[in-house]
Amino acid sequence: MRAFVVATLCAVLAGCATSQPMRTSEPGSRPVAGTDEDELWYSMEKAEEDLARSPMRVRDPALNAYVKDVACRA
């Protein structure tokens, strides 16, 4: 039983190994074009644009300042 646990643990940990070092992200950097991450970024940018133009958006400056203050404090 112990050998099975050790073998399973080794197999699981072997799956954690990466073949190339992780890319460091710096402010303003973009993902490589055509990758899944690039598609995700595009989708989120589109969603942000849709929210910014939404007629349901609350545009009260005082309320927005309060919510921003509360959210940034956490």
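The values are calculated or read from the model by the stated rules, or taken from the named source; none is laboratory data. Since the model is a prediction, treat every value here as computed from it, not as a measurement. Neighbour counts run over all protein chains shown; Cβ positions are idealised from the backbone, glycine included.
Filtering segment 28-40 to residues that are of a type in the set (A, V, I, L, M) and assigned to a helix (DSSP H, G or I) leaves only Leu40.
Annotation: Ser25 fulfils all but one of (1) over 13 Å from the mean Cα position of the chain (by Cα); (2) outside any helix (DSSP H, G or I); the unmet one is (1). Considering (1) in a helix (DSSP H, G or I); (2) at pLDDT below 90; (3) under 30 Å from Asn64 (Cα atoms), the lone condition that Ser43 does not fulfil carries the number (2).
Would a scan of segment 22-36 turn up a residue that is among the acidic types (Asp, Glu) and either modelled with pLDDT of 85 or more or surrounded by 10 or more Cβ atoms within 10 Å (Cβ to Cβ) (or both)? Scanning segment 22-36, I find at least one residue that is among the acidic types (Asp, Glu) and either modelled with pLDDT of 85 or more or surrounded by 10 or more Cβ atoms within 10 Å (Cβ to Cβ) (or both), so the answer is yes.
Is it true that some residue in segment 8-18 is aliphatic (A, V, I, L, M), surrounded by 10 or more Cβ atoms within 10 Å (Cβ to Cβ), over 19 Å from the mean Cα position of the chain (by Cα) and in a helix (DSSP H, G or I)? Yes, segment 8-18 contains at least one residue that is aliphatic (A, V, I, L, M), surrounded by 10 or more Cβ atoms within 10 Å (Cβ to Cβ), over 19 Å from the mean Cα position of the chain (by Cα) and in a helix (DSSP H, G or I).
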